[in-house]
Each structure stands twice: as C-alpha cells, then as structure tokens.
Amino acid sequence: MEEKIGCMKINTTSEVPEPLPKKRFMLWIGPVMMTVALGLGTSEVILYPNLTSRFGVGWMGLMVFVLFLQTVWVQELARWTVTSGEHAAQGNARILSFAGSLIFITAFMFLAFAIPAWATAAASALRELLGWPLDVKIGTVFWAYITFIMVFLFVFFSKVARHWVERVATWSTVLAWIILIVAAVLAIKSASLGRMFYHLVVWNIPSEMDWWVLGSTLAWVGAGPTLIWYTYWMRDAGWGMAKYVDAMPGWFGKSANPQTVGFIPDRNGENVNRLKTWIKRSHFVLWIGYFLGSLFTIFILVGLSDSILRPAGLVPSGFDVVKHQAQFFAVPLGRIGYFLFLLLAWLLFLNTQMTIAEALVRQNADVTWNISERVRRFFKEDIKGVYFLWWFVYLVISFVLIGLQNFVPGANPFSYVTTAAMLSFVTLVFSMAATFVGTLVLYRHQSIARVKPSVVWVVVMGVGLIVHLYLIIRASGYFFGFWR
C-alpha cells in the first residue's frame with residue numbers, strides 16, 4: 001500500500017528486519033569509515049595545515065562546535081534512512097521536492113566533486129615521492145591520470161560497487177591513525193597542545209583571517225556535505241528498512257532494480273523496537289566512529305601544523321598542496337619519515353578520490369533511475385547500465401579538468417579543493433534546512449511517530465542551520481569583497 005509523506009509517496013506494508021549481529025563488523029563500521037576517510041582526504045591533510053600555518057589555532061573551538069553540529073545533522077539523515085530505507089537526498093526531496101533536491105543537492109554536489117581535486121592531490125604526493133617527471137605540473141597531471149584509472153578499476157572489478165572502496169577506506173584510515181599517533185607523540189610540542197586546549201574555549205579568529213579558506217575548512221570539518229553519501233552506503237549495506245533495497249552492483253555484480261521510494265513499517269510494537277535498535281546503533285557508530293575519529297585527527301593535524309609548519313613558515317598551497325606536510329614525519333623520523341608520509345598521503349587521497357567518485361556516480365545514477373518508469377524500461381530494469389554510463393561521463397569530465405591544470409593559470413590542486421568545498425557548502429545548507437523541517441513533519445505518520453527525534457535534536461538542528469548560513473555568507477563576502 002502507498003501513502004504520502006511530505007511531497008512524495010511511500011510504501012507502508014513492510015516489516016522491520018531483525019538488527020544484524022554486532023559481529024558483522026564491516027556492515028556496521030564500513031559506511032562510517034568511508035566517511036571518516038573522506039574527511040581525512042578532503043580537508044584534514046590539506047586545509048587544516050594551510051589555515052594553521054597562516055593564522056595559528058585560535059579557530060579550534062569553532063571547528064569543534066561545527067563538527068558537533070554536522071554530526072547531529074548526519075544523525076538525523078541516518079535516522080530517516082533506517083526508518084524508511086531512503087538515502088538523504090530522497091528524504092530531503094520530500095521537503096524540497098524532487099526538482100529542488102535535484103538542483104540544490106545533486107547538481108551542486110556534482111559541480112563540486114566533478115573537480116578531480118583529490119586525484120591531483122594524490123598525484124602531487126606521488127610526483128614528490130618519485131621525483132619524476134621533473135616538471136611539477138606535467139608530473140602532477142600524469143600521475144593524476146594514473147590515479148584516476150586505478151579508482152575506476154577498483155569499482156569496475158567489484159561485484160558490489162562499494163566493496164573494495166569500503167575496505168581500502170577502512171584499513172588506510174586505521175594505518176593513517178597509527179602513523180599519525182606516532183608522529184604526534186614525537187613531534188607535537190606542549191606549547192601547541194596548550195594553545196589548542198585554550199582555544200577550544202576562548203575563540204580567537206584574527207581580523208586578517210582568510211574567510212574563504214576558513215569557510216572551506218568548516219564546510220568540510222569532518223566530511224561535511226559528503227555526509228549525505230554516508231546514507232547511500234548505509235542503504236547499500238541494508239540498514240533497517242534499507243534491507244528491501246538492492247545494492248549498487250559493480251560490472252561483475254548481479255542486476256539491480258532499486259526502489260524509487262522507500263518503505264515504512266506496519267505499526268506494531270516489535271517493529272518500533274527493532275527500529276529503535278537500528279537507530280541507536282547508527283547513532284553509536286556515528287558518535288564513536290565519525291565524531292571522535294574526526295576530533296582525533298583535528299587535534300593531531302592541527303597540533304603537528306602548529307608545532308612544525310607554522311614556526312618554519314611553510315604554507316601548503318598550489319601544486320605543493322602536500323609537500324610541506326611531509327615534515328610531520330620527517331622531523332621525528334628523518335628521511336624515511338618524509339617518504340613514509342608522501343606514500344601515506346598518496347594512499348589517503350587515492351582513497352578519497354575513489355570514495356568521492358563512487359558516491360558521485362551512484363548519486364547521479366540514482367537520480368536518473370528515479371526520473372521515470374520509461375528510463376527504467378530503457379535500461380531493462382537494471383541500474384548497472386545507468387551507473388556505468390555516469391562513470392563514463394565522470395571520467396571524461398575529470399580527465400579534461402585534470403589536464404586544465406597544465407594550461408590554465410590558477411588551476412591547481414589547492415584551488416580545486418577550496419572551490420569544491422564552497423560549491424558543496426550550498427548543498428550542505430539546503431540539506432540542513434530540509435532535514436530540520438523534516439524532523440518536524442516526516443515523523444507525523446503514526447507508524448513511525450515513536451521514533452521521531454527528541455526536541456533537543458530539533459533545536460540543535462535549527463542552531464546548526466543558522467550557524468552554517470552565517471558561515472557561507474561570511475566566506476562568500478570575503479571572496480567577492482563585500483565583507484572583509
């Protein structure tokens with residue numbers, strides 16, 4: 001049976017699946033580790049060091065506050081995915097309409113992340129590591145192409161599209177944490193620790209602050225707007241009502257025909273109890289895996305930047321977007337540490353580009369699939385064809401943009417990262433607005449009223465929306481010169 005919630009229909013005849021055992025480690029931890037890995041690559045290794053080296057650590061408290069607000073936002077995205085089996089863009093479309101979601105979420109995310117910033121960042125690390133080709137621009141472009149081909153092959157040879165992406169993300173992040181801990185213990189100075197803890201409480205944003213870079217950093221304080229994609233991987237892994245939705249296949253996977261609208265359960269006590277269990281576990285994974293994991297890397301990378309890069313006047317930017325950060329390991333470990341960091345940076349950025357590419361292509365395939373029944377019939381009720389068609393489009397666009405770095409002044413890995421961040425900030429604000437309204441209206445249906453968010457989370461969502469509106473206006477004002 002179909003009913004209407006928001007401005008879209010939804011199925012209301014399903015039973016909530018039994019929560020899977022905790023020993024299914026990758027099912028529970030895989031999606032959030034992909035998200036944490038996105039944060040490591042999108043902002044933490046690039047933007048934090050740039051900002052800290054230039055302006056110190058006075059903005060630390062604001063950083064942690066925004067991380068908290070974004071974690072609450074994704075918590076509510078995850079609640080809807082568990083409850084309905086829909087990913088965040090579908091849930092937001094119930095408030096924004098399909099057209100609104102298509103423009104302000106899907107289109108802006110595609111504009112932002114079609115820019116191959118992380119393939120070029122990975123390439124800059126690999127060129128520095130190998131010292132070849134000698135020309136920095138040519139070397140970066142060359143290795144960016146090689147990196148992108150590797151990204152595609154990981155997905156192409158998977159039976160389930162996210163399979164190898166998820167595993168590479170998890171273990172590369174664990175490896176990064178281990179090495180970062182070693183570097184932090186050996187290299188972070190006590191004075192830097194004191195400054196960071198002090199500025200958690202007493203914020204000090206200097207008058208000369210570059211709000212464009214600060215806005216980019218805050219947009220991606222953890223994983224930022226890419227947290228929307230966390231719900232795609234939740235759905236793919238079969239969390240809650242998403243159990244009824246087919247996973248996205250790789251080229252060698254079986255055919256898949258995902259539902260165009262979600263499911264909410266029949267109203268009974270057992271269904272409500274199961275939903276509550278799924279929701280509690282999703283919250284636990286987010287706060288322990290995502291929030292604490294992101295907080296952990298914020299402290300380490302900002303601390304290393306304040307202890308090593310700032311005193312030496314080293315500012316990561318342009319084509320040297322990761323070169324200077326190698327000092328994090330070179331200072332305590334010498335030449336071996338220098339090469340170890342560059343290898344790790346390449347792996348992190350490869351993983352980030354792979355995760356972004358898979359999510360972006362999945363997002364566009366899903367939107368295309370939902371446009372009409374005629375589209376689904378054309379592709380013979382198998383989304384695989386749509387998915388790899390978008391892979392082809394994405395590869396063409398990315399290969400062109402990678403090559404532009406060799407010919408267009410100002411086109412470089414760092415400018416690509418900040419531009420992508422601010423474009424995706426638009427998506428973040430619209431999704432936060434839709435999610436805030438959704439917490440008020442989507443859970444009125446009697447079947448799911450007992451799992452609606454508490455008033456505390458609704459209030460925090462409202463505060464988060466106001467804060468992020470201010471940040472995007474302030475950053476845009478700095479960039480266009482009307483608010484300095």
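The values are calculated or read from the model by the stated rules, or taken from the named source; none is laboratory data. These numbers come from a predicted model, not from an experiment. Cβ sites come from the backbone with ideal geometry, for glycine too, and all protein chains shown count toward neighbours.
One residue stands out among those in the range 205-254 that are part of a helix (DSSP H, G or I) and of a type in the set (Lys, Arg): the one that is surrounded by the most Cβ atoms within 10 Å (Cβ to Cβ), which is 235.
Kindly provide the set of residues from the range 234-254 that are over 21 Å from the mean Cα position of the chain (by Cα) and under 19 Å from residue 448 (Cβ atoms), ordered by number. 240, 241, 243, 244, 245, listed by residue number.
If you filter the range 371-387 down to residues that are touching a helix residue (DSSP H, G or I) at 6+ places or on another chain (Cβ under 8 Å) and either in a helix (DSSP H, G or I) or in contact (Cβ under 8 Å) with a residue 40 or more places away in the chain (or both), you find that the one that is surrounded by the fewest Cβ atoms within 10 Å (Cβ to Cβ) is 375. State yes or no: is residue 111 over 16 Å from the mean Cα position of the chain (by Cα), surrounded by fewer than 19 Cβ atoms within 10 Å (Cβ to Cβ) and among the aliphatic types (A, V, I, L, M)? Judged against the criteria, residue 111 is not a match.
Residue under question is residue 78, and the condition is that it be at pLDDT below 90, assigned to a helix (DSSP H, G or I), touching a helix residue (DSSP H, G or I) at 6+ places or on another chain (Cβ under 7 Å) and not β-branched (Val, Ile, Thr); does it hold?
Details: at pLDDT below 90: no; assigned to a helix (DSSP H, G or I): yes; touching a helix residue (DSSP H, G or I) at 6+ places or on another chain (Cβ under 7 Å): yes; not β-branched (Val, Ile, Thr): yes.
When the stated conditions are applied, residue 78 does not pass them.
Every condition in (1) free of Cβ contacts under 8 Å to residues at least 12 places away in the same chain; (2) under 14 Å from residue 300 (Cα atoms); (3) among the hydroxyl-bearing types (Ser, Thr, Tyr) holds for residue 192 except the one numbered (1).
On the given criteria, is residue 338 among the hydroxyl-bearing types (Ser, Thr, Tyr), in a helix (DSSP H, G or I), touching a helix residue (DSSP H, G or I) at 6+ places or on another chain (Cβ under 8 Å) and without any contact (Cβ under 8 Å) to a residue 24 or more places away in the chain? Yes.
Could you identify the single residue in 295, 309, 314 that is assigned to a loop (DSSP other than H, G, I, E, B) and at pLDDT 85 or above? Working first, answer last.
Details: 295 fails: assigned to a loop (DSSP other than H, G, I, E, B); 309 fails: assigned to a loop (DSSP other than H, G, I, E, B).
Just a single option satisfies the conditions, and that option is 314.
Being out of contact with any helix residue (DSSP H, G or I) (no Cβ under 9 Å at 6 or more places or on another chain) and closer than 16 Å to residue 445 by Cβ is the filter; apply it to the range 268-286 and report the residue that is modelled with the lowest pLDDT. Of everything passing the filter in the range 268-286, 268 is modelled with the lowest pLDDT. Number of residues in the range 129-161 that are surrounded by fewer than 24 Cβ atoms within 10 Å (Cβ to Cβ) and touching a residue at least 60 places away in the same chain (Cβ under 8 Å): the value is 14. State whether the residues of the range 412-429 include one that is touching an Asp or Glu at 6+ places or on another chain (Cβ under 7 Å) and assigned to a helix (DSSP H, G or I). No, that holds for no residue. Which members of the range 388-429 meet the condition of being farther than 30 Å from residue 376 by Cα, of a type in the set (S, T, N, Q), in contact with a helix residue (DSSP H, G or I) (Cβ under 7 Å, 6 or more places away or on another chain) and modelled with pLDDT of 80 or more? Listed by number, the list holds a single entry, 418. Checked against (1) hydrophobic (A, V, I, L, M, F, W, C); (2) closer than 27 Å to residue 468 by Cβ; (3) surrounded by fewer than 22 Cβ atoms within 10 Å (Cβ to Cβ); (4) in contact with a helix residue (DSSP H, G or I) (Cβ under 8 Å, 6 or more places away or on another chain), residue 197 passes all but condition (4). Can you tell me which residue within the range 187-204, out of those that are over 19 Å from residue 48 (Cβ atoms) and in a helix (DSSP H, G or I), is farthest from the chain's Cα centre (by Cα)? So, considering only residues that are over 19 Å from residue 48 (Cβ atoms) and in a helix (DSSP H, G or I), the one farthest from the chain's Cα centre (by Cα) is 190.
For the range 257-276, taking the residues that are in contact (Cβ under 8 Å) with a residue 40 or more places away in the chain and assigned to a loop (DSSP other than H, G, I, E, B), the one that is nearest to residue 362 (Cα to Cα) is identified as 258. Residues that are touching a residue at least 60 places away in the same chain (Cβ under 8 Å) and farther than 16 Å from residue 350 by Cβ were ranked within the range 163-178; the one that is surrounded by the most Cβ atoms within 10 Å (Cβ to Cβ) is 163. The combined condition, being surrounded by fewer than 14 Cβ atoms within 10 Å (Cβ to Cβ), at pLDDT 80 or above and assigned to a helix (DSSP H, G or I), is fulfilled by residue 99.
Quick check: is even one residue across the range 473-482 part of a helix (DSSP H, G or I), within 20 Å of the chain's Cα centre (by Cα), farther than 30 Å from residue 149 by Cβ and among the aromatic types (Phe, Trp, Tyr)? The answer is no, given that none of the residues of the range 473-482 is part of a helix (DSSP H, G or I), within 20 Å of the chain's Cα centre (by Cα), farther than 30 Å from residue 149 by Cβ and among the aromatic types (Phe, Trp, Tyr).
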